[in-house]
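Here is the structure we will look at, set down as structure tokens.
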Amino acid sequence: MSLSHETIQSIKETIPLINQEAENVTTRMYDIIFSKYPETKPLFADATSDQHKKLAGAIAAFAGNVDNLPALSNAVEKMASAHVATNVQPQHYPMVADALITAMGDVLGDTFTQERKNAWVEGYTFLAGVLMQREQQLYAQNG
Ligand code: HEM
């Protein structure tokens with residue numbers, strides 16, 4: 001699977017908006033995920049206090065390199081090992097998707113148009129697929 005030119009374009013259009021609001025988006029995202037999906041809370045039990053900044057950085061880096069995935073491979077390795085260390089599983093991905101996309105809508109308002117929203121759902125699904133595949137490899141290796 002790869003992302004269409006239109007999808008990449010729509011994601012890139014949102015980069016300045018995300019960069020301005022990244023911390024608000026991730027803070028809102030955690031509010032939503034912990035209240036709506038409390039089963040995710042224990043995964044973050046040992047989360048460092050700069051987790052918000054890391055996630056904000058990952059979102060911005062992802063958006064900036066969405067058409068240049070090799071530039072993301074170091075970040076993918078770091079994310080996958082953090083996820084395996086905290087036992088993140090495939091069923092958690094739709095929960096984060098829901099929380100993230102809802103948070104973006106709440107924080108960005110009308111500028112997060114339906115077209116941009118669709119693009120982000122597609123982009124998130126793409127990155128989630130890359131991460132889940134790598135994480136399953138690591139889980140299998142760790143036996
Ligand atoms: C495409 C989706 C996702 C992205 C972009 C993402 C991004 C990240 C990043 C950048 C880190 C920090 C890695 C580091 O330490 O350098 C991280 C850690 C983590 N993520 Fe994700 N993540 C995603 C999906 C998920 C899901 C589905 C869950 C489960 C609810 C999750 C839970 C965690 C946890 C528990 C940590 C470790 C927190 C800590 O120890 O600070 N993530 N993620």
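Return the only residue of 58, 22 being crowded, with 16+ Cβ neighbours inside 10 Å and more than 21 Å from residue 129 (Cβ to Cβ).
On the way: 58 fails: more than 21 Å from residue 129 (Cβ to Cβ).
Of 58, 22, the one residue that is crowded, with 16+ Cβ neighbours inside 10 Å and more than 21 Å from residue 129 (Cβ to Cβ) is 22.
Can you name the helices (runs of 4 or more DSSP H) wholly within segment 31-143 that have at least 2 residues being farther than 23 Å from residue 16 by Cβ, within 13 Å of the ligand (Cβ to nearest atom) and modelled with pLDDT under 95? Give the derivation first.
Numbers: elements: 51-64, 73-85, 93-108, 114-142.
Passing ranges, in order: 73-85, 114-142.
The values are calculated or read from the model by the stated rules, or taken from the named source; none is laboratory data. Because the structure is predicted, anything quoted here is derived from the model rather than measured. FYI the Cβ positions are ideal-geometry reconstructions off the backbone, even for glycines, and counts take in every protein chain you see.
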